[in-house]
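Working notes for the structure below.
The values are calculated or read from the model by the stated rules, or taken from the named source; none is laboratory data. Since we're looking at a predicted model, the values are computed, not measured. Note: ideal-geometry Cβ built from the backbone for every residue, glycine included; neighbour counts use all protein chains shown.
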Amino acid sequence: MKKLLFITYILLLLSCTNKHNPRFPIPSKPDIDGVVQAIILQDSLLIQNIPLSIDLRKLKIYHAKTKLPPPPHLHVVDIKHLLPSSYYKQGFFNRKDSTYLIFQNNVLKSYILNKNSFGKLKFTTTAEQEKQGSTYEFAHYFDMSIPFFSLDQKKAYVQLDRICPRCGAGYIIILEKKNGNWRITNRTMTWIN
C-alpha cells in the first residue's frame, strides 16, 4: 500500500511540472502569420515602404490584485484592458479567455517571421535598428507584438509601434477571424511623439 501511495505521489508530482497545459492549444504559425498578413495588407504597411521587424516582440501581461496601475513600460498590457472589468467595460476578450491569455504569455517567448511569406515587404531586425540608432542614424521601422488569441482562436490582439524619432506612434489593433480570414475590426492609437 505504501508503494502504491509513493508511486501515485511521484506521478502526481511529475504531472504538475508539465510546462504546457494540454487543454490549451499553442497558437499556430498559420494563425500568427495570418494576423501579421492582415495587418500588413489592411493597415497599408506595404505602401509606406518602412521595414517591419521580423522578430515579433513579446508582450507581458500584467495582473495585479491592487488598483495600482501597471509599471510604465511599452511592452506591458494590463489584463484589465483585455477583459471586461469594473473600470474597463469594453474588454475585447471574455472571462473564459483569461487563463488562456496567461498561458500564451508564459508559453510564447519569441516569434520570428519568415521573410519569404510576406511578398515585397521590407524587413529588418530589432538588433539592426538598435545598432543603427546607436550610431546616430535614425531608426525607422515597424515593431509588432506577438498576437494574443482568444480561446476559440477567432479574436486577436496586437500592438504595432512605428519607431521613428519624430514620427513615432503606437497602436492597438484588434482582429477577428471571419470565414477563415483575419480582419481588422478596431485600431486605436496609444501614443505619439
Review point. If residue 136 satisfies every condition in (1) surrounded by fewer than 13 Cβ atoms within 10 Å (Cβ to Cβ); (2) modelled with pLDDT of 90 or more but one, which is the exception?
Key: (2)
Exercise for review: Could you tell me whether any residue of region 131-145 is outside any helix (DSSP H, G or I), aromatic (Phe, Trp, Tyr), without any contact (Cβ under 8 Å) to a residue 12 or more places away in the chain and more than 16 Å from residue 45 (Cα to Cα)?
Suggested key: yes
Review point. What's the number of the condition residue 154 fails, among (1) at pLDDT 90 or above; (2) of a type in the set (Lys, Arg); (3) in contact with a Ser or Thr (Cβ under 9 Å, 6 or more places away or on another chain)?
Key: (3)
**Study point:** Residues (among the aromatic types (Phe, Trp, Tyr), under 22 Å from residue 37 (Cβ atoms) and out of contact with any Lys or Arg (no Cβ under 9 Å at 6 or more places or on another chain)) located in region 94-146
**Key:** 118
